[in-house]
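Rule-based calculations on the coordinates, nothing more; no lab input. Just so it is clear, the structure is predicted and the values come from calculations on it, not from any experiment. Note: ideal-geometry Cβ built from the backbone for every residue, glycine included; neighbour counts use all protein chains shown.
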């Protein structure tokens, strides 16, 4: 529900108008929501760790399918998108609308590259014999990375929506916080990926 | 409300409370003779548990009376009457009606945090000691180990008289677990389908039968007797009808029983009702039920007198894969071993008595001879089991109806079954 | 912020007329916002936290009747040995639906009713942080509740009802063992309810953290606010865990995944861990709101402040934290290993400490008080007494070895009904009686209320008291029947009679609502006044029923129980005396110049979309896809909806979205021409009363 585009105008923050914490409602809500998301991914990661070893010796396992160099590159791409997201936030805060659009586009593009990489990876794994229903590793792997991919995709949709708003002139510096809040989500999704990448790919067995 | 009416309300509510408490006390003290009661344990483990919990029940009872007494005392002492309608500006109270406005007392708070903490710490020490003692099941790793297998909705017992569960069992029986008195019998609890829980309340607490897992447990009885049990983990449609019995026999009788169990059945003579019954049985029943010595190898994929090949339900001794060999077909293919059906007091997951007069006064080993067969129930079961005990035979769970059998067929089958002693 | 651009007072007669230039900004027809504060539309499209709270309460009471009827069927089936009132198959559906209904569709939404209605009032806010999202939470909840409940009817009576118990242990809930649609209804229904609760939790957390009126620091918040806040945090962290579990279950059933496929090597204990990591905090989610309600009622009718406020808050927080470390006590017999059992056994025992602190503090509040046993007080004291029983039996099965004898028997059924019925439900009913005049402007009948309480309490004890005995005598839970020779007949019959006594008590409650409403209307709808109980919280400082804008002006809070201390001070000799009449302190709701968010079509539309997706997942994925498209459309409709209706009179908005709900702390809300004089006088009055309160 991040589409709850906050619309604080600067004068809202002037004078007497304060929230009790000083954070806007929208930003606080995003932090609270991300707290909940931690447990969602915590549950999925635990499920993966619980299940990854529970396959037979002849089953398709992590070592049979993982292509670490490829995933490292796509992880790096996703990591870079966090950097560009930072630029997007700082540019709109300065009032640099053009720069903001460029960085939003770049972030979305990097995110899309990551998702495309994931789609490619899934296809490759499937052709190597690891389907969602093949074994416990397959079910747990696709569920975990699939949920993460869905989160990235939703992030891309939000970034594109921001871009459309910006094109239509609805995203000025007064809405810098909107970009910042979506940035929070984006950074969270990236950090979660670092955890997933480490646990799933770097310690596969 | 007048003072008199108020008094009556007080009196009646006190009477209700006192009456309830009295009833509960009477029920617990007097009403002990229940076949599944946890309050009158006979097994060593059950007694250990009772010894642990009974003092705690008393402590809890004391706290109960203290708190409820405090509530009643405060009610009695500090209640105020008047202003019943409460319609004034000051609610139910007069404007100057104030007790001391105490806000709290830190010492008191700390005291009533620490006192229960200490009390619970003491209890937890006793708990941990008992817990690890009860869990020390290696003490019982002597002779007999029984693999207990839960399946919708009955129990299978595979006896390993040498305690070695890696080899095929010496014999297989169902629903009634017979143990020698005074001996810790190790149980290896498994499941073929969903989660069940094995529980003989008078002997020990329960332990879940989880598919894919093998749980060690132990039971022992200090005295001979028959002890009821009930599957206590919800296991689907007929969970309520999934019962079992533990029978503790003196050692000599146990050996007699054991030797009988290892004897295969003999084929009845052709042309007799028993022979006809066997013919029907082998067509209608033998694809699931085993009768050692009779049911053919083709039915089970092994020698006729060999143990069922699904004793090794996880395939772990079979060089199998990691998973158990749990398939839809297996669930259907496994049913109680009937080789010595007539030696058991109950059938159909111990949901029904096999003998009408099977009270404790007939010695267990004499059931087949001295018991009056519960013929009506048995016939009803054979002809339409799901009607007697809900089953989902279409989905291969539980015994399907055999409504195609004529009354004569059923009589013959019962006659055949009666030979299985 | 400037005053002029938002406090244009429109005369009433211009209500429906377009306000000139504003029409130019008006987008497409469907993107306008609904209007009007009367009739059914005003409920369907409302974003007012109070109306949403009332709808939560009404829906919960409806589902309470459904769950109660299920309970009566259970008791009828078990009244005698070899019972055959309903068969085993139906019985399994009935007890599953009874549990699911009572937990997710009765206690939780009842608590949500109080949270929605009271949290903004108790912290002195105008509304929740995100009013539209709040409405969405309700409709989403209703969608989930109706979807779950419809499982009773679709395809025949209880043919497709969930039948795996509320805990739905794998693999019994897999497609192989539960081929009906029941578990799909369970999984999808709970997912939808989870979305509703999660959105609501975020909303209420932000409301409490961010929208407190000036001076309302954390330790000036009422205990109910605290308990509800802790509850929302528990929901926030517990719901994603059950979400994961339900996804795994759905993947297994819908797409043949292997999470609980034992044949593929899965361990069914995974479900148990995930379920109970959610499930145990869930217990505190159910009980903490009732603790909060009791902590409000007892001081009022003891005429004393709550004893040990800080310890009450701290013990609530302690329960909230410790609630995460005890889940495996539901799995003592599952085979989790002796070390885990030992650790969870000990942690479970110590959670009794903060709970005990609460009981003792309530008793200390009553000590030397002036106790008036009104109906709410009866319920509150009932909670203290009954919950203690549940707490004590809880300690006895924290002892892991003894739990191996007790778990999954009727002893446990007795225990958690003493906690959930004797604790949570009695507390929530007390809350109904206590805040009824606040929400509706009249009290429920005390005579009927007391009678109903006693009937319920006696019925309750006769139903669940004997279950302790049955459990210790070895009667298992979830068995559709029992043999005649097992010795359970006597107490089961008593319990069944008790259940029908409870039903009479509940019927008396509904009768009370009917009679009290009728009498109030016949008497010409007399005003009950803002503060009918002479209570302490800010919610009593405004008119009853609460006007749409809650408070006429922001309240500057200077201490705990601010309202009480405005009413009462101490004289020279230290005696408590009245400082000012309530009528002078309380707001009369006359300030109509407060900006309020406009109603919205989209919350209910979105709820409908979710219902569509839900049925789609169960029956046909194409329907789900269509529902998803509808849902995405609705989300964009939501986003594109104008911030406010430019035509609406009275409640004017400036340019910003309603969902920032930022009128809190907005001193100019009452700065309009008409509100000016009044607020000015109130403002100057405040210090004086303060003076009066301290000096007398």
Between residue B:81 and residue C:559, what FRET efficiency comes out of the Förster formula 1/(1 + (r/R0)^6) with R0 = 45 Å and r the beta carbon distance, rounded to 0.05? 0.90
Output field shielding_mean for B:57-66 (other chain Cβ, 10 Å radius) holds 3
Using a/c under 1.5 as the rounded threshold, could you call region A:85-127 rounded, prolate or oblate? The axes a ≥ b ≥ c are square roots of the C-alpha gyration tensor eigenvalues, and prolate needs a/b larger than b/c, oblate otherwise. prolate
What's the ranking of A:187-194, C:277-284, C:363-370, C:471-478 by average number of surrounding C-beta atoms within 10 Å, highest first? C:471-478, C:277-284, C:363-370, A:187-194
Tell me, how many Å apart are the Cα centres for region B:379-412 and for region C:485-503? 33 Å
Overall form of chain C per C-alpha gyration tensor (a/c, 1.5; a/b vs b/c): oblate
Per-residue Cβ counts within 10 Å, from other chains only, averaged over C:235-248: what number is that? 5
Residue separation between residue C:484 and residue C:219 times 0.36 nm, minus their alpha-carbon distance, gives in nm 89.6 nm
With a 10 Å radius around each residue's Cβ, average the other Cβ atoms per peptide and rank B:44-50, C:78-84, B:400-406, highest first. B:44-50, C:78-84, B:400-406
Cα axis of helix A:68-94 to longest principal axis of chain A: angle in degrees, 0 to 90, nearest 10? 10 degrees
Any idea how far the Cα center of region B:100-123 sits from the one of region A:74-136, in Å? 55 Å
Between region B:137-205 and region C:123-196, what's the alpha-carbon centroid distance in Å? 40 Å
For chain A, calculated [θ]222 nm from helices alone, where every DSSP H run of n ≥ 4 adds -39500 (n - 2.57): -24500 deg cm²/dmol
Run lengths n ≥ 4 of DSSP H only: what is the helix-derived mean residue ellipticity at 222 nm for chain C, with -39500 (n - 2.57) per run over all residues, to the nearest 500? -20000 deg cm²/dmol
Can you say what percent of the DSSP beta bridges in the protein assembly as shown, counting only those with both residues inside, are antiparallel? Round to 5. 75 percent
Protection proxy ranking of A:65-75, C:181-191 - average other beta-carbon atoms within 10 Å, highest first: C:181-191, A:65-75
Tell me the angle of helix C:269-302 to the major Cα principal axis of chain C, expressed in degrees between 0 and 90 and rounded to the nearest ten. 50 degrees
Per-pair calculated FRET efficiency, R0 = 51 Å: residue B:72 and residue C:525 via Cβ, rounded to 0.05: 0.80
Averaged across B:199-209, how many Cβ atoms of other chains sit within 10 Å of each residue's Cβ atom? 5
Prolate/oblate/rounded label for region B:359-415 (Cα gyration tensor, a/c 1.5): oblate
At what distance in nm do the modelled label points of residue A:105 and residue B:143 sit from each other, each positioned 7 Å from its Cα along Cα→Cβ? 8.7 nm
Mind pulling the angle between the C-alpha long axis of helix C:426-440 and the longest principal axis of chain C? Nearest 10 degrees, somewhere in 0 to 90. 30 degrees
